[in-house]
Amino acid sequence: MEIAHECFTNVKEDIKPLLDMHWSETEPNQETIKLDPDWNEYFRLSEAGILRIFTARDKGRLIGYCVLLISTSVHHKGHIFAGTDVVYIHPEFRRGSTGSDLIHFAESHCKDNGVSLMTLNMKTDYPFDSLMLKMGFNLIERVYHKCFLGQ
C-alpha cells in the first residue's frame with residue numbers, strides 16, 4: 001500500500017473511475033444533480049496551492065483519496081484551515097487500515113504546513129465516526145441540505 005501527496009495533473013485520469021463509484025454509492029440527489037466535476041477549477045485550485053490530493057494506491061491502482069482545500073480562514077485571518085472536498089476508500093479496502101493511514105498522512109501534511117485546524121465531512125448514511133473519534137477528531141457540527149430541483 002502506498003500513501004502519497006500527488007499533484008492534480010498526475011491523479012486526474014486515475015481518480016475518475018473511483019470518483020464515479022464514490023458518487024454512485026453516496027450521493028443522495030443523483031436524479032437531479034449529475035456528477036460533473038469542474039476540472040478547470042480543480043486545476044486552478046491546485047496551481048494556487050489550495051487543493052491537496054492524498055492518495056492510497058495498491059500496486060499502482062488508486063483505491064482511495066482524501067482531497068483537501070487548504071487556505072487562510074476568512075474568520076480567523078491568522079490561521080490556515082484544511083477542509084475536505086472528498087474522502088473515499090474503495091469498498092474492498094475499508095476493513096484494514098487504509099482509511100486511517102490515508103487520513104493520518106493528510107493530517108501530518110497539514111501539521112507540517114502550518115495548518116491550525118482540519119475538518120473532515122462524511123455522509124450520514126456512510127459514517128466513519130468511530131475512526132474519526134479514535135484519531136482524535138471531535139464532532140462539532142451537523143449540516144443539512146435541501147435540493148430545490150425536481151420539487
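The values are calculated or read from the model by the stated rules, or taken from the named source; none is laboratory data. Everything quoted here is computed from the prediction, not taken from an experiment. Every residue, glycine among them, receives a Cβ derived from its backbone with ideal geometry; neighbour counts consider all protein chains shown.
So in the range 61-85, with the set limited to residues that are small (Gly, Ala, Ser) and touching a residue at least 12 places away in the same chain (Cβ under 8 Å), which one is farthest from ILE140 (Cα to Cα)?
Filtering first and then ranking leaves GLY64.
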Suppose we keep only residues that are surrounded by 16 or more Cβ atoms within 10 Å (Cβ to Cβ) and free of Cβ contacts under 8 Å to residues at least 60 places away in the same chain within the range 107-120. Which one would you say is nearest to the chain's Cα centre (by Cα)? LEU120
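Could you say whether any residue in the range 39-46 is of a type in the set (Phe, Trp, Tyr) and out of contact with any Lys or Arg (no Cβ under 9 Å at 6 or more places or on another chain)?
The first filter runs over the range 39-46 and keeps only residues of a type in the set (Phe, Trp, Tyr), leaving 39, 42-43.
Still in the list and also out of contact with any Lys or Arg (no Cβ under 9 Å at 6 or more places or on another chain): none.
Within the range 39-46, none of the residues are of a type in the set (Phe, Trp, Tyr) and out of contact with any Lys or Arg (no Cβ under 9 Å at 6 or more places or on another chain).
Looking at the range 24-31, can you tell me whether even one residue there is in a helix (DSSP H, G or I) and of a type outside the set (S, T, N, Q)?
Restricting attention to the range 24-31, the residues satisfying the condition of being in a helix (DSSP H, G or I) are 24-26.
Those left that are additionally of a type outside the set (S, T, N, Q): 25.
Yes, the conditions are met somewhere in the range 24-31.
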Residue identified as modelled with pLDDT under 95, surrounded by fewer than 14 Cβ atoms within 10 Å (Cβ to Cβ) and in contact with a Ser or Thr (Cβ under 6 Å, 6 or more places away or on another chain) among LYS123, LYS34: LYS123
Part of a helix (DSSP H, G or I), farther than 26 Å from GLY96 by Cβ, in contact with a strand residue (DSSP E or B) (Cβ under 6 Å, 6 or more places away or on another chain) and at pLDDT 95 or above: does that describe LEU18? no
Checking the condition out of contact with any Gly (no Cβ under 7 Å at 6 or more places or on another chain), part of a strand (DSSP E or B) and not aliphatic (A, V, I, L, M), which residue from TYR65, TYR42 passes? TYR65
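Are any of the residues in the range 121-133 in a loop (DSSP other than H, G, I, E, B) and among the aromatic types (Phe, Trp, Tyr)?
Yes, the range 121-133 contains a residue that is in a loop (DSSP other than H, G, I, E, B) and among the aromatic types (Phe, Trp, Tyr).
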